[in-house]
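A short worksheet on the structure shown next.
Bear in mind that the values in this text are calculations on the coordinates, not laboratory data. Please read all numbers here as calculations on a predicted model, not as lab measurements. Every residue, glycine as well, gets a Cβ built from its backbone with ideal geometry; the counts of neighbours run over all protein chains shown.
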């Protein structure tokens, strides 16, 4: 198949998949594939999530802003002004996906889980008391 024909066919298939009947058929085959390949789907989802986390931490920093932890497994995104629980409940998606979709807005920082939890519980991380930060 020549390139112009292939492009026209791909455009036609894309238009068809956007119609109700096409979407129903596409959804049917996707759901069927997921049901037959749960382990592959799990691995695929995990790879996508890890890639998204790396992208977010590439923007907000790959080191905890309080203690300096740099292992990405321990890092999380913190709402600087607080209100993270209300915000993440309202966005109906993961915070990482929301941040990318919104163009990585200001008001967020990278903290490790411990510093983030301490900030939530005590209002301030114990590292800041020791270092005077």
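Distance from the alpha carbon centroid of region 1-47 to that of region 58-127 works out to 35 angstrom.
Under a Gaussian network description of the chain, with springs only between Cα atoms under 10 Å, the residue in 51, 23, 73 that fluctuates furthest is 23.
Expressed as a whole percent, the proportion of Cα-Cα pairs in region 34-111 lying more than 17 Å apart is 51%.
Springs join every pair of Cα atoms under 10 Å in this Gaussian network model of the chain, and among 17, 100, 41 the largest mean-square fluctuation is at 17. Segment residue 92..residue 73, full-extension length gain: 4.5 nm, with 0.36 nm per residue of separation and the alpha-carbon distance subtracted.
Mean separation of Cα pairs under 8 Å and 6+ residues apart, divided by the residue count of region 61-131: what relative contact order is that in percent?
Result for region 61-131 is 42 percent.
Under the criterion of Cα pairs below 8 Å and six or more residues apart, the relative contact order for the chain equals 23 percent. Taking 7 Å steps out from each Cα toward its Cβ at residue 7 and residue 29 produces label points 2.3 nm apart. Its Kirkwood hydrodynamic radius, worked out from the mean inverse distance over all distinct Cα pairs, puts the chain at 18.3 Å. If the chain linking residue 19 and residue 48 were pulled fully straight, counting 0.36 nm for each residue of separation and taking away their Cα-Cα distance, it would gain 7.7 nm.
A Gaussian network model of the chain, with springs between Cα atoms under 10 Å, assigns the largest mean-square fluctuation among 43, 55, 102 to 102. Between residue 121 and residue 106, the simple spin-label model (points 7 angstrom out along Cα→Cβ) gives 3.2 nm.
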